[in-house]
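The values are calculated or read from the model by the stated rules, or taken from the named source; none is laboratory data. Predicted model, so just to flag it, every value in this text is computed and none were measured. Reconstructed Cβ throughout: ideal geometry from the backbone, glycine too, with neighbour counts over all protein chains shown. To get the accessible areas, we keep the full protein, side chains included, count just its heavy atoms, and leave off ligands, DNA and RNA. Shrake-Rupley method; radii C 1.70, N 1.55, O 1.52, S 1.80 Å.
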Amino acid sequence: MHLMYFTEQPMSAYDEKAGLEYGATALTFSNKHFDPVEGSRLYNEFLEQYLKVEEVGIDGIMLNEHHNAPFCMQAKTNMFAAILAAVTKKVKIVILGNPLPLAENPIRLAEELAMIDMISKGRLVSGFVRGGGQEQLSAGVNPAFNRERFVEAHDLVVKAWTQPGPFRHEGTHYQHRVVNPWAVPLQKPYPRVWIPGVISKETVIWTAQQRYPYIALNTSIEDTKKIWALYDQTAAECGYESGPENRGYLARIHVADDEATAVKNAREFTWMQGEFTGLAHPVWANPAGYFSPSSRRSFVEFAVGRSQNPRGAMSFEQQLESGMIMAGTPKQVLPRIRHLLEETRPGIMAVWAQDGKVSQKDSLRCIELLGTEVFPQVREWSKELGLNSPFEADAPVHLNYSKDLKKKPVAAE
Amino acid sequence: MASAKGWAEDTIEVSGARIFLRRAGTGSPVVILHHDIGTLDNLDFYDELAKSHEVIVPHFPGWGKSPRLEWMRHPRDVAVLMQGLKSGLGLAQCALVGLGFGGWVAGEMATMAPREVSKLVLVGPMGIKPPEGYILDQAIISYIDYPQAFFHERKSFEKLYGNVTTDQLEAWDIAREMSFRIAWKPYMYSQQLPHLLGVVKAPALIVWGDDNKVVPLSAAHAYKKALPNARLEIVKGSGHAVEMEKPTELAKLVIPFLATK
């Protein structure tokens, strides 16, 4: 089991009232409500949290990025990854991930990531994402080509990492005269790539085809099982058997010394008016061409207010009841985690430990409790349940490096 | 307005594209180029034109009933295919009526083959960067809010679209995706077009609704400046889609303009 700490890096000092009055807390919600004095304090608090993570023996730190919104302060995930490469010694630096389609020059990303891998002495896990819908709008990148750009940029980054330059790239969305970066990753054949997602079928299938672990972002147990069924089926079609080493899960878990504090702090998981990414117009999150054509019909009805969000909208109490949010003392949350492990069998688990306005003192205490009281038990259970991480299973970095592929059945003529 | 009978449908192959069109009427031919939201099948303005002209209303590839072409990247690609469609229909010289986004396509067509355009009618055309203001960005507003913004009055929208069906919403999303695929950046204009329009010597009529919330009036003046032989008419009480909101007034401007020698 690989256990990680995650925070969205919330800009908790923004003016909540201004957001409610404006009716949106994303994309066009003015950055005049961003206070750099508070920003400076918060960035340094997050750094202190990450150092605590290493101190208490947690395996990894999960990082991400978002834009134009208070729910996440990190505008460039490689920035904190670079800082952590220098100031930590043992933790894996798990970027989940760099939004590939937003890159106008994927080679620059390949270089940055190679630098992080070398500076950290091979501790980088380089996840990739499509970027949220709003990110396409804030970056001015065409949402209609999001998936095509994701795949082309990925293939180009991997090629730059694994094939000696110089070479030329003449693709559909990217053209490069001379690909020849003088920075290549320390890890061979290349750093592990994990792909986070919510439930997009196309992404699950693509990820399984690469044999990359898929990290389910706080999906319900029922939906998580559907993801694994699709992943397993695709894996079988590709000639390998998938297992816990292919499965990751991001859970929202806040622990404290007493239940009342834990529940009070856990309520902050819904600080963005119940939405992960804040109040926003549906078409910002799903600009035309960005989402799967198969969901077009249900989405357009939702976007004009004719139907409920297909993802559903649960109250804090309902989320606590269903286990979508776990809160309590370590002893109280452990059975819930055990249930999750048994039901979904991940080999990678990230804990999104707090959000919103949780104090730095409580955040650090939560990290301490996770590292010393929760995760040791989770590790024991993972051994018992055979939940091996990709590192423990020595899983191939990519399908192309597999040595155990079953010959694909040949279709009868 | 009395409805001209006999709208027929057809599909023409052009360079690998299957272009759907509706046509009616007889007389000198007029090709109508539709908005970025596509077009309704029946409009009073189309009927009125068809009383004295052969009117052809194609669907751009990816809009309405014309299948998408994955490779298209610019409205100029649409313009070339529309030129091909004209050839396929055996139309040597004809008039073009471009509506909004279709006005951009019409402008591009005119620059490609200036002598094939007898008259150019541009109704609230996109395609030139407005010297003041911006073209309304559909990327950040809802599927219904955007078409509603085409009208001066809500009731004009409701008269045509009624209670918008889910089929219509889906069609607008598909149209929006096509707009992104070919006109995402710069959004809804060409930096070259204003410099190329000087080759178009044909008489041009630019029509603008006085309450156009989609393309600022400053773009009308930019078009007038770029086209050597253009005049500008403002229609009162109309939004962007003059042909839908004020069909009679538009027909009264367009039909005599097309009749002049």
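Annotation: amide H-H contacts under 5 Å for B:VAL235 (H modelled 1.01 Å from N, sequence separation of 5 or more, or interchain): B:TRP208, B:GLY209, B:ASP210.
Taken along the Cα-to-beta-carbon direction at a fixed 7 Å, the label points for B:HIS74 and A:VAL178 span 2.8 nm. With the simple model of a label 7 Å out from the Cα in the direction of the Cβ, A:GLU55 to B:THR260 spans 8.2 nm. A probe of 1.4 angstrom, applied to the heavy atoms of all protein chains, finds A:MET349 with accessible area near 0 square angstrom. Interface between chains A and B: roughly 2100 Å² of accessible area buried, both sides summed (probe 1.4 Å, protein heavy atoms only). The largest accessible area among A:GLU317, A:GLU8 belongs to the first residue in A:GLU317, A:GLU8, and the rest follow in falling order (1.4 Å probe, all chains). Per residue, the accessible area of the protein assembly as shown comes to 41 Å² when a 1.4 Å probe rolls over the protein heavy atoms. Legend: residue pairs B:LYS159/B:LYS213; B:LYS86/B:LYS246; A:LYS32/B:LYS213, Cα-Cα distance threshold 23 Å; pairs beyond threshold, B:LYS86/B:LYS246; A:LYS32/B:LYS213. The trypsin sites (Lys or Arg not before Pro) of region A:115-157 that meet both conditions, a loop assignment by DSSP and at most 16 other Cβ atoms within 10 Å of the site Cβ, are A:LYS121. Of the trypsin sites (Lys or Arg not before Pro) in region B:197-242, the ones in a loop by DSSP (not H, G, I, E or B) with at most 13 other beta carbons within 10 Å are B:LYS201, B:LYS236. By the Cα gyration tensor, region A:2-398 has an equivalent ellipsoid whose semi-axes, rounded to whole angstrom, run 29, 26, 23 from largest to smallest. Taking a ≥ b ≥ c as the square roots of the eigenvalues of the Cα gyration tensor of region B:115-257, is the shape rounded (a/c under 1.5), prolate (a/b larger than b/c) or oblate? Oblate, because a/c is 1.5 or more while a/b does not exceed b/c. How much of the accessible area of chain B, probe 1.4 Å, is carbon plus sulfur, in whole percent? Carbon and sulfur: 51 percent of the exposed surface of chain B.
Taking all protein chains as shown and a probe of 1.4 angstrom, A:LYS92 keeps an accessible surface of around 50 Å². Could you run the Debye sum over the Cα atoms of region B:8-259, one equal point scatterer each and no solvent, and tell me log10 of I(q)/I(0) at q = 0.10, 0.16 Å⁻¹, two decimals? Debye intensities relative to I(0), on a log10 scale: -0.41, -1.20.
Only lysines eight or more places from A:LYS90 in sequence, or on another chain, were considered; those with a Cα closer than 24 Å are A:LYS52, A:LYS76, A:LYS121, A:LYS188, A:LYS361, A:LYS383. The Rg/Rh ratio for the protein assembly as shown, using Cα coordinates for both the radius of gyration and the Kirkwood hydrodynamic radius, is 1.04.
Grab the beta carbon distance between A:ARG297 and B:LEU40, set R0 = 25 Å, and tell me the FRET efficiency rounded to 0.05. Efficiency computed from Cβ-Cβ geometry: 0.75. With both labels modelled 7 Å from their Cα along Cα-to-Cβ, the A:ASP232 to A:ALA18 distance reads 5.0 nm.
Take the Cβ atoms of B:LEU160 and A:ASP35, set R0 to 60 Å, and the FRET efficiency comes out at 0.80. Counting heavy atoms of the protein chains alone, A:VAL304 has an accessible area of about 40 Å² for a 1.4 Å probe. Taking amide hydrogens as modeled 1.01 Å from N in the peptide plane, which residues meet the under 5 Å criterion relative to A:ASN98, leaving out close sequence neighbours? Those lying under 5 Å, H to H, from A:ASN98 are A:GLY127, A:PHE128, A:VAL129. According to the calculation over all Cα-Cα pairs in region B:65-107, the P(r) per 5 Å bin from zero is 6, 19, 25, 30, 15, 5 %. Think of the protein assembly as shown as having a plus end and a minus end, set by charges on the Cβ of Lys, Arg, Asp and Glu; of A:SER292, A:LEU109, B:ALA230, B:ALA230 sits farthest toward the positive end of this dipole.
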